Each structure stands twice: as C-alpha cells, then as structure tokens.
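*Asks:* The following block contains the structure, expressed as structure tokens.
The values are calculated or read from the model by the stated rules, or taken from the named source; none is laboratory data. Given the structure is predicted, the values throughout are model-derived calculations rather than measurements. We place every Cβ from the backbone using ideal geometry, glycine too, and count neighbours over all the protein chains shown. The area values use the complete protein model at the heavy-atom level, side chains included, leaving out ligands, DNA and RNA. Shrake-Rupley method; radii C 1.70, N 1.55, O 1.52, S 1.80 Å.
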Amino acid sequence: MEQWQPVPRQKVAVLEVAKAIAADDDWLIVTHERPDGDALGSALAMAHILQALGKRWTFVVGEVVPARFRFLPMFDQIRQLAEPPVRPFRRVIAVDCADELRFASVASAIAPDACILNIDHHQTNPHYGAVACVDAEAAATCEVIFHIAHALGVPLVIDLAKCLYTGILTDTGGFSYPNTTQEVHEIAAELLASGVRPYDIAEPALEARTLEQMRLLQTALRDMVIADDGRYAFIMVSQQMLAEARANEDDVEGLVGFARSVETVEVGVLLRERSDGMIKASLRSKRLVDVAQIAQQFGGGGHARAAGCNLPGPLAEAKANVERAVQLALKEV
C-alpha cells in the first residue's frame, strides 16, 4: 500500500468498493443517459477490470451511444436495453451517475432488491447505493476507477488505460479546466506509460466534428446571446435548428464550451430542445460561480464548474428561468 501513488482521497471507500466487486460475480454496468467520455470510459474501464478478474459483466445503455467514442476498446460490446431484452440484475455498478435518476432509462434491467455500487465524482451525489465511492474532488470518475483497479491488483494494460485516459482527458477539457491537478497529471503519466498515445484519443474525443455539427455550430453562434456586460452567454438549439442542419442530438455535445470561451464570460449556458419538448440545460463557469447550485434549483446537479438540469419548455421560457438564476448568482460573486 506504501507504493500507492498518488494516494486516493477516499481510500476507505475505494477499498470497500473493491471488496464488494471481488466478492460477487455477474455484474450489470450502467451509466447516465447520453454518455460522455467519462461515462463511457468509466463503464468500459470497469468492464475491463471485471474481465481481468474473471467475472461476468454486461454493460447496458438505453439509447445509441456517441459514435465518436467507437475507438474505445470493447465499445462493440455495449448492449442496447431492448436488443434482446436484458434480464434484471441483482448486482449493479453505476458509474458517473450523480443520482439514480441518471440511469432510470435502464431501470428494467435492475432487480428491485439489487445491490448497487455507486462510483462517481459529482458534488451533488447523495451517496445512494449499498456502497458509495464518491470523490467530489476527483477530476473524473475515471480517476476514481484508476484507484479501484489498483486496489484490486488489476494491471494497467493498454486497453484499460485507454478507457481511463479518455475519461480524464474529456472531463478536464484536455487538461485545461480548473479540476486539473497534480494528481491528475500523475495518473495520466501512468496511463501513458502503459502505451496510450494521447493524440489517438484527443483527436476523436475532443477535436473531430461532423459536417452536421459544424452547420449547427454556425447557426448557434450566429444567434448566441451575450449579456450583463459580457458576463454570461446563452446558446440555444431548437429541434428546427437540428433539422435544418441535418444534425442529431450528439452533434449538440460540446457547444456549451463556445459560450464559456468568450473572453469576458464567467457563465456559459447551452439550452437544447429535446424531441419530447423538454429543455436540457448545460451550464459551465470559469472561476467564480458554482453552477451546480444553479442546476439544483431546477432539479439537476453536477460540479461547481460544470452542471446540468432539465426544464419544461418552451425554449424561451426555459431561457428566462435559467437566466434569472444566472443573473442572481453573478450578483453574489
């Protein structure tokens, strides 16, 4: 244990999760809807860990996952919930889910008396499940899973390292966000030592954009709203905009970064109209505003610098509600 560097902040919880994983077999892996790089990296990293331990696993999602992450090892083994129907599991590992609603789309695959292991890094996580390993200071859930792999004695082979590196890379914005710490770089160095080639992951995960996404971005930036002397910015994407750009909801991912990147902006917001009429809000801040507190006002959550929530439509009404909350938050800093 003396060689464990960097030392996990939540060592007791890490060891408890490791013990629970070692004690049982036949695990269901779940993550949040519309999974990002950390969600998929965490889930597939856990699949590699279970496989290395000789345990059975099934990773189930309720919808199609973003194709840009198809470079991840075992991506082709991700199962859709209904193809074929998945039996209820009594042992579940939930990764990168701030609360149980985040994996509600696959609830039919979870037995009522299931033992749920909760592995996460969101500050709003209520520590649900039989065992919870939640490190709100971790840059990514993959950072937590790196320590779980260590606790279980699973070697960092290149396929596992690729999954872990993807989660850390994407949730730190290419090691540029305030959550990038010395520990993050130490872990990344170990993953690179396992054979990970950074650009092979950074190019598809962070840089590549579809033509449809570029058309959508062109329209979204044209209509971006910047207010309060440039302190906040809103990007809004309607179903009509998606149709005109021939884009899908995956093409919306990452657009919030353009609102946040304006030089004077402290809070950037992306509002996306879903096909069911609900509005998905993604909030980002630079240094001062805790956007998780804003998201919680609307039943959401996340991190101080990155959070999200869902609101009823129409788009203009959702914007007005979130804008009032942002204005109030900016007055308090």
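*Asks:* What nm distance separates the two modelled labels at Ser108 and Asp229, each placed 7 Å from Cα along Cα→Cβ?
*Replies:* Spacing of the two 7 Å Cα→Cβ label points: 5.4 nm.
*Asks:* Averaged per residue, what accessible surface does the chain expose to a 1.4 Å probe, in Å²?
*Replies:* 44 Å²
*Asks:* Next up: Take the solvent-accessible surface of the protein heavy atoms, probe 1.4 Å, and return the percent of it on the chain that carbon and sulfur atoms account for. Walk me through the intermediate numbers first.
*Replies:* Values: 7440 of 14800 Å².
C and S fraction of accessible area: 50 percent.
*Asks:* Tell me, how many Å apart are the Cα centres for region 117-186 and for region 231-246?
*Replies:* 31 Å
*Asks:* Helix 37-52 versus the longest principal axis of the chain: what is the Cα-based angle in degrees, 0 to 90, to the nearest 10?
*Replies:* 10 degrees
*Asks:* Spin-label point model (7 Å from Cα, Cβ direction): what's the Ser261 to Gln218 distance in nm?
*Replies:* Taking the two extended label points, one gets 1.7 nm.
*Asks:* Looking at region 142-201, I'd like the Rg to Rh ratio, where Rg is from alpha-carbon atoms and Rh is Kirkwood's inverse mean 1/r.
*Replies:* Rg divided by Rh gives 0.94.
*Asks:* On average, how much area does the Cα convex hull of region 1-98 cover when viewed from any direction, in nm²? Write out the running numbers ahead of the final one.
*Replies:* Numbers: hull surface 29.6 nm².
Its Cα hull, projected and averaged over all orientations, spans 7.4 nm².
*Asks:* Can you show me the helix-derived [θ] at 222 nm for the chain, built from DSSP H runs with n ≥ 4 at -39,500 (n - 2.57) apiece and divided by the number of residues, rounded to the nearest 500.
*Replies:* One gets -10500 deg cm²/dmol as the mean residue ellipticity at 222 nm.
*Asks:* I've got another one for you. If you keep only loop residues by DSSP, which chymotrypsin sites (Phe, Trp or Tyr not before Pro) in region 1-74 have at most 16 other Cβ atoms within 10 Å of their Cβ? Present the calculation step by step, with values, prior to reporting the outcome.
*Replies:* Values: sites: Trp4, Trp27, Trp57, Phe59, Phe69, Phe71; in loops: Trp4, Phe71.
Taking region 1-74 and a limit of 16 other Cβ atoms within 10 Å, the loop chymotrypsin sites (Phe, Trp or Tyr not before Pro) found are Trp4, Phe71.
*Asks:* Region 10-61: D in µm²/s via Stokes-Einstein (Kirkwood Rh, Cα pairs, 25 °C, 0.890 mPa s)?
*Replies:* In µm²/s, the coefficient rounds to 209.
*Asks:* So what is the relative contact order for region 111-188, in percent, with contacts set as C-alpha pairs under 8 Å and at least six apart? Mind dumping the intermediate values first?
*Replies:* Values: 88 pairs, mean separation 19.5, N = 78.
In percent, rounded to a whole number, it is 25.
*Asks:* In region 61-91, which residues have a backbone nitrogen under 17 Å from the label point lying 7 Å from Asn248's Cα in the Cα-to-Cβ direction?
*Replies:* Answer for region 61-91: 61-72, 75-83.
*Asks:* I would also like to ask the following. For region 214-264, how big is the tail of P(r) above 15 Å, as a whole percent of Cα pairs?
*Replies:* Cα-Cα pairs of region 214-264 separated by over 15 Å account for 41 percent.
*Asks:* Here is a further query. Nearest 0.05, what FRET efficiency do Arg274 and Gln5 give at R0 = 35 Å with Cβ-Cβ as r?
*Replies:* On the way: r = 44 Å, r/R0 = 1.25.
That pair, Arg274 with Gln5, gives E of 0.20.
*Asks:* Let me know the whole percent of all Cα-Cα pairs from region 253-309 that are separated by more than 20 Å.
*Replies:* 19 percent
*Asks:* Calculate, for Arg197 and Arg287, the FRET efficiency according to 1/(1 + (r/R0)^6) with r their C-beta to C-beta distance and R0 45 Å; round to the nearest 0.05.
*Replies:* 0.90
*Asks:* Now for a different question. Which residues in region 65-101 have a backbone N closer than 14 Å to a point placed 7 Å from the Cα of Ala23 along the Cα-to-Cβ line?
*Replies:* Inside the label zone: 91-92.
*Asks:* Further, regarding this structure: Would you please report the Å³ per residue occupied by the convex hull of the alpha carbon atoms in region 108-242?
*Replies:* Details: hull volume 26.0 nm³, N = 135.
Output value, Cα hull per residue: 192 Å³.
*Asks:* In nanometres, what is the gap between the two model label sites at Glu100 and Ala136, each 7 Å from Cα along Cα-to-Cβ?
*Replies:* 2.1 nm
*Asks:* Same structure again: Between the helical axis of 211-222 and the dominant principal axis of the chain, each derived from Cα atoms, what acute angle in degrees is found, rounded to the nearest 10?
*Replies:* The two axes meet at around 40 degrees.
*Asks:* Can you give me the Kirkwood hydrodynamic radius for region 212-333, using every pair of distinct Cα atoms, in Å to one decimal?
*Replies:* This gives a value of 14.1 Å.
*Asks:* Right, something else. Whole number please: convex hull volume per residue, Cα atoms of region 42-197, in Å³. Could the numbers behind the result be given before it?
*Replies:* On the way: hull volume 17.9 nm³, N = 156.
Enclosed volume per residue, from the Cα hull, is 115 Å³.
*Asks:* So what's the angle, to the nearest 10 degrees on a 0 to 90 scale, between helix 182-193 and the longest Cα principal axis of the chain?
*Replies:* 60 degrees
*Asks:* Between Asn321 and Glu207, 0.36 nm times their residue separation minus their Cα-Cα distance comes to what?
*Replies:* Once the chain is fully extended between Asn321 and Glu207, it gains 37.8 nm.
*Asks:* Follow-up. Using a Debye calculation, one point per C-alpha and no hydration shell, please list log10 I(q)/I(0) for the chain at q = 0.12, 0.13, 0.14, 0.15 Å⁻¹ in order.
*Replies:* -0.83, -0.98, -1.13, -1.29
*Asks:* Any chance you could count the Lys pairs in the chain whose alpha carbons are under 23 Å apart, treating pairs 8 or more apart or on different chains as valid?
*Replies:* Qualifying lysine pairs in the chain: 7.
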